[in-house]
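These notes are about the structure you will find just below.
The values are calculated or read from the model by the stated rules, or taken from the named source; none is laboratory data. Bear in mind the structure is a predicted one, so any value in this text is a computation, not a measurement. So basically every Cβ, Gly included, is an ideal-geometry build from the backbone, and we count neighbours across all protein chains shown. Areas reflect the complete protein model, heavy atoms only, side chains present, ligands, DNA and RNA absent. Shrake-Rupley method; radii C 1.70, N 1.55, O 1.52, S 1.80 Å.
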Amino acid sequence: MPKDPANILGDAQAFAVDAGQRWILFLDTLMQRGRQYEEHIAERAPHVLDYDAELICDGRQLARPVNYVLARIVPRQDVALDENKRPFVIVDPRAGHGPGIGGFKADSEIGVAMKAGHPCYFIGFLPDAMPGQTIEDIARAEAVFIEKVIARHPKAEGKPCVIGNCQAGWAVMMLAAIRPELFGPIILAGSPLSYWAGVKGQNPMRYSGGLLGGSWLTALTSDLGAGTFDGAWLVQNFENQNPANTLWTKQYNLYSKIDTEVERYLGFEKWWGGHVTLNAEEIQFIVDELFIGNKLACGEIRTSDGTAIDLRNIRSPIVVFCSKGDNITPPQQALDWILDLYDSVDEIRSYGQTIVYAIHDKIGHLGIFVSAGVARKEHDEFASNIDLIDVLPPGLYEAIFEPKAGVDTSSDLVTGDWVMRCESRTLDDIRALGGNDLEDERRFATAARVSEINLSLYRALVQPWIKATANPAAAEAMRKLHPLRLQYELFGSRNPFLSWLETAAPKAREERTPVAADNVFLRAQEAFSAQAVSALDGWRQMVERLSEQTFRAVYGSSLLQSAVGIDQSSTHRPRRAAKSKLHAELVEKRIDELRSGFSRGGLLHACMRALLYVGMARESVDERSFEAIRRLRRRGEQARRLTLSEFKSLTREQFFMLLIDPTEALRTLPDLLPPDRKVRDAAFALVGEVATARGPLSGAAAERLEEVRSLFGAVPPLVDEPPRKLTVAARRGA
């Protein structure tokens, strides 16, 4: 039914007042953002941590100076830390923005780790790189930082858990491959390790390097910057992925919700506008070796002394957290390094690696680090169950999270609001996410070769002229005139045309009269906004399709591939990690050692072998079972003498015995048991308690438990008496 003309006139008047007030407050917020930007970049060590921090080590004082620092996060008064728990070290990405995103708010990676009782440290960086510093120098510095963390926590049960956010993830993995002894579990949050990977029709960012002709443009930008690369260009690359948000939604969301959105907007913009710089050597390494070369996952990167960086050298559990809604690091880029390195899960196990991955359905790239919902769920569960992850048998697992509210068995063994379960997976589960075929791999290999050629031509023909004319003053002027910086500067305190806001904004707040939700003009405004978003999304999709088609056509050309030396007749992928005959020989030697030890050990070895045998039928591990073991370890006389490291070694030894020869492992299990019948009965009761902590057994798992009962010689329950489950709660009351 059409509105009465009088009502339409009233709507127009109300909307005019509301729109005028919103516009004034919107401009005032942009001016606040500009002042905030000026104050932030003037700080000596700008960051956005929501916590107090104490400087522990300044990387500028090291033998090879770098602009990185190690800081201890000072716990708040309501947080109790446990010095027996492993420390957490959060490493933020240096991808154009300043540090602090890992502790941006209370519900953050730092917040959930401290809530779980873990001491926390933060590895951040200053805005400007030290002259001559390289990616390798940074890795060496971070090794020094982690050594200092370890030395500060001699009572900690386990090495530090290190979280690498986004690009910090590959840096952490490189260091862990060189210095594996420093690390406990590694958590990679939105970290790209396999840059070529993706799905046709999606993930257009991976085509950027090829469409620009390779990394020569990176070298040109660094040369124009007098040896310094402006991180604002990296930030602009991110913004270009979503023009609807960059050009419209972000600002419109502030304008339309000016009464409630200001604080959140300014908080995020403080981090988003804190641009940093990189040395030419650093960014060239990143683009050549990682972005375009995709060499990390294949073991083709070498340190200055010739050491190959092979991710298979990592001995710590690796937790990969990614999202289907992430257009910067989609699941394929976060996970396909596993396919580059391994042919099967058995090969993963042969290297003693434990890999756990979790895939969110929709959260975006930044949400992986800053979303309170993600922090309270995934990061909270990782922090609470980090010891479980550390002792998982080698293999590939997917972390599944279920609400605690839906759990009706042993809920007292669940520490948070969610129950984490790690389910066994195979490489086919990774492949099922989608990825490149052989022709795609050839296209990216061709782009990498073209990049090398273009870079060599640039260095020979153009670079000398650019370097001769570039100077620090001109480079600084270019940085100040970057469009991303100008948007802050134009609304800063030095703009005289905005001085009127000092009186207009307070008056607008005082007289604020929001329009009614059913106002016809407000609805028209929302409709216009939706059309603007739709148009910009349509433009983005068209550009993405054109980019992909261009990339596939150019780098799929048989002539170009032949010209740069790509073998089109080969059935092998052009880039793949090399196999080691020495590793195969070491595995055979280890198998022989395990076979000779089937009958060595005692009651603990027997119980662990029995638990693993039953649990392997379920092909998953639940946090309730581990919590039951943890509590039993605290109570048992023998178990108390086991450190977490010793418990982990025991678990892996028995797991591998069951893998290589389950028949012999079970046949010799009674040899490990004491002759005392009561002791064996009590031991089997504990095995049953842990095995059923997540619920009653069924199928093959139940059959295996009965098989274990016979091996222990335990007394079976009476036929007319239901079996009594010995829960931890029941044992406490006994």
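Which residues, counting only those in the range 671-701, are without any contact (Cβ under 8 Å) to a residue 60 or more places away in the chain, part of a helix (DSSP H, G or I) and open to solvent by 40 Å² or more (accessible area, probe 1.4 Å)?
Arg677, Lys678, Arg680, Asp681, Ala682
Among Ala617, Ala606, Ala578, Ala610, which is under 33 Å from the mean Cα position of the chain (by Cα), open to solvent by less than 60 Å² (accessible area, probe 1.4 Å) and in contact (Cβ under 8 Å) with a residue 60 or more places away in the chain?
Going through Ala617, Ala606, Ala578, Ala610 in turn, the sole match is Ala617.
Looking only at the range 202-240, filter to residues that are touching a Lys or Arg at 6+ places or on another chain (Cβ under 8 Å) and in a loop (DSSP other than H, G, I, E, B); which one of those is farthest from Asp310 (Cα to Cα)?
So the residue we want is Gly225.
Condition first: within 20 Å of Glu289 (Cβ to Cβ), of a type outside the set (S, T, N, Q) and open to solvent by 10 Å² or more (accessible area, probe 1.4 Å). Now tell me which residues in the range 215-231 satisfy that.
Residues satisfying the conditions are Trp216, Leu217, Leu220, Asp223, Gly227, Phe229.
For the range 41-90, give me each residue that is within 25 Å of the chain's Cα centre (by Cα) and polar (S, T, N, Q).
Asn67
Of the numbered conditions (1) open to solvent by 10 Å² or more (accessible area, probe 1.4 Å); (2) farther than 30 Å from Arg573 by Cβ, Ala244 satisfies every one except a single condition; which is it?
Going through the list (1) open to solvent by 10 Å² or more (accessible area, probe 1.4 Å); (2) farther than 30 Å from Arg573 by Cβ, Ala244 breaks only (1).
Which residues, taken from the range 140-169, are under 25 Å from Gln61 (Cα atoms), open to solvent by 10 Å² or more (accessible area, probe 1.4 Å) and hydrophobic (A, V, I, L, M, F, W, C)?
Val144, Ile150, Ala151
Cβ-Cβ under 6 Å, sequence separation 6+ or interchain: first residue in the range 254-267 and over 17 Å from Tyr37 (Cβ atoms), partner open to solvent by less than 30 Å² (accessible area, probe 1.4 Å) and not polar (S, T, N, Q). Which pairs?
Close Cβ pairs satisfying both conditions: Tyr255/Arg22; Tyr255/Phe26; Ile258/Arg22; Ile258/Leu25; Ile258/Phe26; Glu261/Leu254.
Tell me which residues, restricted to the range 18-48, are out of contact with any Ser or Thr (no Cβ under 9 Å at 6 or more places or on another chain), closer than 23 Å to Arg485 by Cα and open to solvent by less than 30 Å² (accessible area, probe 1.4 Å).
Matches in the range 18-48: Leu25, Phe26, Leu27, Asp28, Thr29, Leu30, Arg33, Tyr37, His40, Pro46, Val48.
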